[in-house]
Each structure stands twice: as structure tokens, then as C-alpha cells.
Amino acid sequence: MTTALEQLQKISPETFPRHVGIIMDGNGRWAKQQNKPRTFGHKAGVESVRAAVRFAQQHGLQVLTLFAFSSENWKRPEQEVSVLMELFMLVLSKEVKRLNKNNVRLKVIGDLSRFSARLQKKIQDAELLTEQNDGLVLAVAANYGGKWDIVQAVNQSLANHQNNQITEAQIEEHLSLSEFASLDLIIRTGGEQRISNFLLWQAAYAEFYFTDDLWPNFREENFAKALLCFVNRQRRFGLTGDQVENAKN
């Protein structure tokens, strides 16, 4: 049986998404299946992050945005939040050198002011180390919410333009990730079918792919299945199907 990875090799990379966002869901449920605490699942999910980054690099994606910690996740049990913060620190410390060696640029988006000064410094140092890299952009959404993103962009637009009328273009200019390729595909693992306040504005014309695979089980083959689904869709952006087909000819 032909694998999804093998099928992708026969498809032109020009049809692949440029920017993929992933909602990494299912760590806690995966841990429960192993009779382990939820935090065990978060640690196991780190290898899936590595696999996703490898896949994105190998298949020429420009941007990979991972939803690591939402602005709503502070409501979780204190111990779990504490472990997530420690894990974030550890991953930044251990992985950033590997990212830099592989020409990956790290970008962390979200309201970072709520993090400890130590973690903010780690983020700043990691971004600075990789900012000249021109390969894959790995964007990590931490203490991020789509509503927050829009509000801060509107506020910046109002401050810069000093009027009561602002345009979509002015808002987009100040959104997180505005300097990068538009979002093409959102993948959510774990079986839920919602986007949980992730890249709300950017998702306006993105394709969606939902899978029951729990995040710690998500590997290159799972990613390949999502891309196969994407390349077989017709993206119309408000046009009719006939218009899209005629434009190709």
C-alpha cells in the first residue's frame, strides 16, 4: 500500500501550502491512555513538534505556526501551567541551537508580558539567534489568542493613523505574522472540530483539516495526509468553481 509520504513525492511542491498552522491537541488524553499525568503528554508532544518541523523543511513550507499555549490556558490547573512554562523554557534552551543549525527562524507570537522575565529573555535570545536565517519560519503562538491579535492590531492602527476610519489593510499590517505568507491550512489534532481562538483573522480563507490522531502520535505520515487533502481541494476565494478552472487555462 502506498503511503501518503510516497504519494506526496509525485505531486508538485508548488501545490503545497506555504503556511500551515497546527493546533496541537490531545496531549492530556494521550497521557491518560498511558495512565500517566497530563504533563507526561505535553512532554511526549515535543517529539511531534520535531517531526512537524522536519516535515515542513523537507517539503518546502515557508511558515509553520504551532499553537503552544493559548491565552485561555492559564485557567488550567496551576501545576499543569507550571510544567508547561518549564517545558517551554527547556525546549527553547535545547532546541534553538538545532533550529539555528538547520537555518530555521524562530518567531514567538502572543502577549509575552505575562511570562516571567526569565522566560521573556529566553524568547528574545532565541529569536535574536535565528533572526538572520532564511529557511523555514517556525512561529510559536504562546499566550496567544486570535481576538487579542485583532484588538492589538486595531489599537496600533488607530495610534498610527490618528483617525476613526481604518482599513483591513491597516489592521493586517499590525497583526502577528503579517510579514509572512498568508495562512493556507490549519490542522487540528485530537478529534475536536473548532479553532479555539487561533489565528482568527488569518484563517478567513484557510483550509481546515481535522484528525482524530492525538498530538503525541502525529508524525510525518500524518502531516503528509493533511497535505494530500489540501492539494486535492479547490480554493475559490469567493469565485465559482468554473472561474477558478478557467483561470488555470
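Brief remarks follow.
- Among the residues of segment 127-144, the ones that are buried (at least 20 other Cβ atoms within 10 Å of the Cβ), over 26 Å from Gln58 (Cβ atoms) and at pLDDT 95 or above come to 0 in all.
- Condition check for Ile166: surrounded by 11 or more Cβ atoms within 10 Å (Cβ to Cβ), among the β-branched types (Val, Ile, Thr) and at pLDDT 95 or above: no
- A count restricted to segment 199-227 and to residues that are aromatic (Phe, Trp, Tyr) and in a helix (DSSP H, G or I) stands at 3.
- Residue selected from segment 33-54 under the condition at pLDDT below 95 and basic (Lys, Arg), by the criterion nearest to Glu220 (Cα to Cα): Arg50
- Only one of Gly238, Gly191 that is more than 30 Å from Ala51 (Cβ to Cβ) and loosely packed, with under 15 Cβ neighbours inside 10 Å: Gly238
- Among the residues making up segment 25-82, those that are closer than 27 Å to Phe230 by Cα, in contact with a strand residue (DSSP E or B) (Cβ under 8 Å, 6 or more places away or on another chain) and not in a helix (DSSP H, G or I) are Asp25, Leu61, Gln62, Val63, Leu64, Thr65, Leu66, Phe67, Ala68, Phe69, Ser70.
The values are calculated or read from the model by the stated rules, or taken from the named source; none is laboratory data. In this text the structure is predicted, and so the values were computed from the model without any measurement. Please note: Cβ atoms are built from the backbone with ideal geometry, for glycine as well, and neighbour counts cover all protein chains shown.
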